[in-house]
Structures are given as structure tokens and as C-alpha cells.
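Let me begin by presenting the structure, written as C-alpha cells, before commenting on it.
Read the figures in this text as sums done on the coordinates, not as results from a lab. Note that this is a predicted model, so its numbers are computed, not measured. Here the Cβ positions follow ideal geometry from the backbone for every residue, glycine too, while neighbour counts run over all protein chains shown.
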Amino acid sequence: MASINIDNVQKAFGKVIAVDHLNLDIKDGEFFTFLGPSGCGKTTTLRMIAGFYYPTKGVVRFGKKDMTRVPPEKRNTGMVFQNYALFPHMTVFENVAFGLRVRKLGSKELNIKVKDVLQKVRLEQYADRQVSQLSGGQQQRVALARALVIEPEILLLDEPLSNLDAKLRDEMRSEILRLQKDYKITTIYVTHDQAEALSMSDRIAVFNFGVCHQVGTPSEIYNEPANDFVAGFIGEINLLPVKIGKVEQEYIYVMVQNGESSSELAVRNAPFNYKEENKGNLALSIRPEAINILDEEREGKNIFKGTIEEVQFFGSLINILVRTGGLQLQVNALNSGLSRNLEAGSEVWVELPDEQMRIIPVVNGDGS
Ligand SMILES: Nc1ncnc2c1ncn2[C@@H]1O[C@H](COP(=O)(O)OP(=O)(O)OP(=O)(O)O)[C@@H](O)[C@H]1O
Ligand SMILES: [Mg+2]
């Protein structure tokens, strides 16, 4: 059983609370990602799962077993450290074999296991090479092989691709996913790269300042962010301060300050969209690709006249900044050919579809 349960865990270093009130349930075989900016507690949490740190408060369980104070060598976790932590003077083979030697495995079995895993990470021809003579990407794969060779129940990867160039990173992403599926290992992957998190994970936990703000599938995190921090950290977003007006079963009417005046918007009152207890400090969020640009005025809800201020052409995508009254909206449109007159200074209408807007709490990034 290799599910992981983190039960109300806190880790303090003196006065610094690196991780606070953390509750997570990671399923057997899941590819689970910790995502968040530098210093938010990702490595600290990973180290508590590996046993290199013990929590100040709370319980860590594997399956139903309490592992909180079990030392790392008794946990059956394989970890790839943020800086790889390889032995530079030793060969690739010896680096990978290290964990097996510690476990006093016989030489025949050891040879088979090391060769097998080196083949899996496509390094079999480098077995006798010193690690110091390898490229960054190759070293990264040695670190991965060293973590995999002990056949861990849990694989912990701490920003394993951060030192690689874009092409190698792409290759290694697929390789890690392939290995994870091959071995069916419960995997926790740490990154601050949102595209990596969205494209690789079964589920993601988004951290900031030691607090987990949301856990969900990539689509939940992107489409239904829990607050302004999650919304802003993942992808681009328009966040507009709002005041709540009438709340009906189907619609919430909100007032957006728009220069001197304010405009009313009708937002669909979907489940999760608006909670009474968060009435204090709210924002309306809408993704740039959800806003429609219209060349002509049209009857309908949430349509405003505006002027294009800036156009950035990316080929398949066009990013447009539209000013409507006192508001500036980021709009990302698909390139639909030459026919459209999307130029700075043009007059347009923007439509904010009611089902694409969400009312979310503003936490100012500190989790309060
Ligand atoms: N051994 C330690 N002693 C004191 N403070 C620490 C220690 N390790 C981490 N911290 C602090 O705890 C907080 C969380 O650190 P952590 O290394 O978990 O962040 P991270 O999310 O992994 O960041 P990065 O993306 O930069 O690797 C930071 O404020 C850090 O300074
Ligand atoms: Mg870290």
C-alpha cells in the first residue's frame, strides 16, 4: 500500500513556519505535484515524507501506518534531490548501486538490477563513466536511476528538471511519466513551473508561504481556482475587484468599478462559485481566452464597448489589451486569419460570457 496521508502537519524552523496545517491524501499510484513559488514549503514537505525532517506537529502515514518518526532508510522511498546529490568521483554504476549496497544485496542480483534500471533511463552505455564527466541531463537520469533501483513504493522528485534546457526537459518529462507508469509508483513531483504541473499531473497541490491553497486535477485548478493566488499563479487571469449586488438562484449581479462609474455584470451562480462567508474581499476572475472580441455591437449580457490598446502577435494566438472605461482586460484570441481588424486604436466590443466568470476570495497571496 503506497498511499500517503499528511494529517495536520506543521514544520517550524525556529520562528519560521515552513509548512502549516497541511492535510493531503495522495492515492496509490498517483502522479501528484506540489506547485508553488520559491520558499513556499515544497522541499520541506517532501523531506518530511522521505523522513529527512520530522514534523513539528501532525502525522505522516503510508497507507494506515504511522511513519512520522520512521528514519528515511526504513521508508522505502526513492528521492531525487533538488541538486541531484550524486557522488561525483564515483562511476554511474556505483552511484546507482549505492542504495543496494547499503541494503547488502548480493553482487549478482545487484548487477542485474543496476543494469536493468540503467537501461530504463537509457544510460547503459555510460555505466563506467565518472559522474563528473556527464552532462546535466545525464546526471539527472543517474539521480532518477538511483532513486528507482531500490524499487521504492514512493518516488519523490524535487524539481528534477530545473537545470535542463527546454528540449531535454521535454524529453525527460515524457521519460519520467513513462517510468512512473512502468513501475506504477506513487510519485510526488515538485515544481514551480505551472505548465509542467498541468501537463504531467493526476492532481496538483498549490502552495504559498507554507500553506496549501488548493488540491485538484489540472482542470479543476485552472478552471475553478479557489482564490486569487491560485488563479494568478496558474496561467494568465483578469482579476477585477467587485461588489456583490443581487444574488439569485441562477445569477449573481456584481458591480465592477469602471473609472468614474461602475458597470453591472451578471455572473452565473454555479456551484463553488460564490460562498456567503467570503463576502468581504472578492474578485471577479476570467481567463483571457474566455473573453470574446466582437467587431460589432450585439444585444446581450456583459457586452462592453472598448478600444484596443495593444496587440501582440504569437502566430496561433493573438494577445490583445482592451480598455473599456476604467478597466483594462487581457484577451487571448485564436488567430482566425487576416480578415479581422485587430489593431491598436480599433473600436471593439468585449463579451464576458456569464458561465466563464467566477467570484473568488482575495487572499493577497498570504493565505489569510
Ligand atoms: N533547514 C532550514 N532551516 C531554516 N529554515 C529553513 C530550512 N529549510 C527551509 N527553510 C525555510 O522554510 C521555508 C520553505 O523552504 P522550502 O525549501 O521548503 O521551500 P521550496 O518551496 O522548496 O522553495 P524552492 O522552490 O526555492 O526550492 C523557506 O522560508 C526556507 O527559508
Ligand atoms: Mg525546494
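Based only on other Cβ atoms within 10 Å, what is the fewest-to-most ordering of K108, K120? Show your work: numbers first, answer last.
Working: K108 8, K120 19.
Ranked by crowding around the Cβ, least crowded first: K108, K120.
Evaluated with a Cβ-only charge set (Lys, Arg +1; Asp, Glu -1), the chain carries a dipole of roughly 2220 debye about its Cα centre, given to the nearest 20.
All other residues whose Cβ lies under 15 angstrom from that of R47 are scored, Lys and Arg at +1 and Asp and Glu at -1, for a net of +1. For the stretch 1-100, trypsin sites (Lys or Arg not before Pro) meeting the loop criterion (DSSP other than H, G, I, E, B) and having at most 10 other Cβ atoms within 10 Å: K15, K64, R69.
How big is the charge dipole of the stretch 277-362 about its Cα centre, in debye rounded to the nearest 20, if each Lys and Arg gets +1 on its Cβ and each Asp and Glu gets -1 on its Cβ? All intermediate terms of the calculation are to be shown ahead of the outcome.
Values: 8 positive and 13 negative charges, 51 e Å.
Computed about the Cα centre, the dipole is about 240 debye.
Straight Cα distances below 16 angstrom link K104 to the lysines K74, K113, with same-chain residues fewer than 8 positions distant left out.
For the stretch 148-250, which trypsin sites (Lys or Arg not before Pro) are in a loop by DSSP, counting at most 15 other Cβ atoms within 10 Å? Intermediate values should be presented prior to the final figure.
Working: sites: K167, R169, R173, R178, K181, K184, R203, K243, K246; in loops: K184.
In loop regions of the stretch 148-250 (DSSP not H, G, I, E or B), the sparsely surrounded trypsin sites (Lys or Arg not before Pro) are K184.
I need the calculated FRET efficiency for the pair T68 and E299, taking r as the beta carbon distance and R₀ as 41 Å, to the nearest 0.05.
Values: r = 62 Å, r/R0 = 1.51.
Efficiency, rounded to the nearest 0.05: 0.10.
Spin-label model, R178 to N76: label points 7 Å out along the Cα-to-beta-carbon direction sit 2.7 nm apart. Amide H to amide H, with H built 1.01 Å from N, N335 comes under 5 Å of L317, I318, counting only residues 5 or more places away or on other chains. For the chain, adding -39500 (n - 2.57) for each run of n ≥ 4 DSSP H residues and dividing by the number of residues yields -7000 deg cm²/dmol at 222 nm. Think of the chain as a dipole: +1 on every Lys or Arg Cβ, -1 on every Asp or Glu Cβ, centred on the Cα centre; then among T191, N208, L100, L100 lies furthest on the positive end. From least to most packed, judged by other beta carbons within 10 angstrom and beginning with the fewest, S285, S174 follow the order S174, S285. Candidates S162, M172, P152 compared by Cα position along the dipole of the stretch 136-181: farthest toward the positive end lies M172, with charges placed on Cβ. When the Cα positions of P55, Q330, V114 are compared along the charge dipole of the chain, V114 comes out farthest toward the positive end, with charges on each C-beta of Lys, Arg, Asp and Glu. By the count of other C-beta atoms within 10 Å, a proxy for reagent exposure, E250, E73 are ordered fewest to most as E250, E73. Select from P37, P88, P225 the residue whose mean-square fluctuation is largest in a Gaussian network model of the chain (Cα-Cα springs shorter than 10 Å). Looking only at P37, P88, P225, the largest GNM fluctuation is found for P88. The mean sequence separation of alpha-carbon pairs under 8 Å and at least six residues apart, normalised by the residue count of the stretch 229-361, gives a relative contact order of 29 percent.
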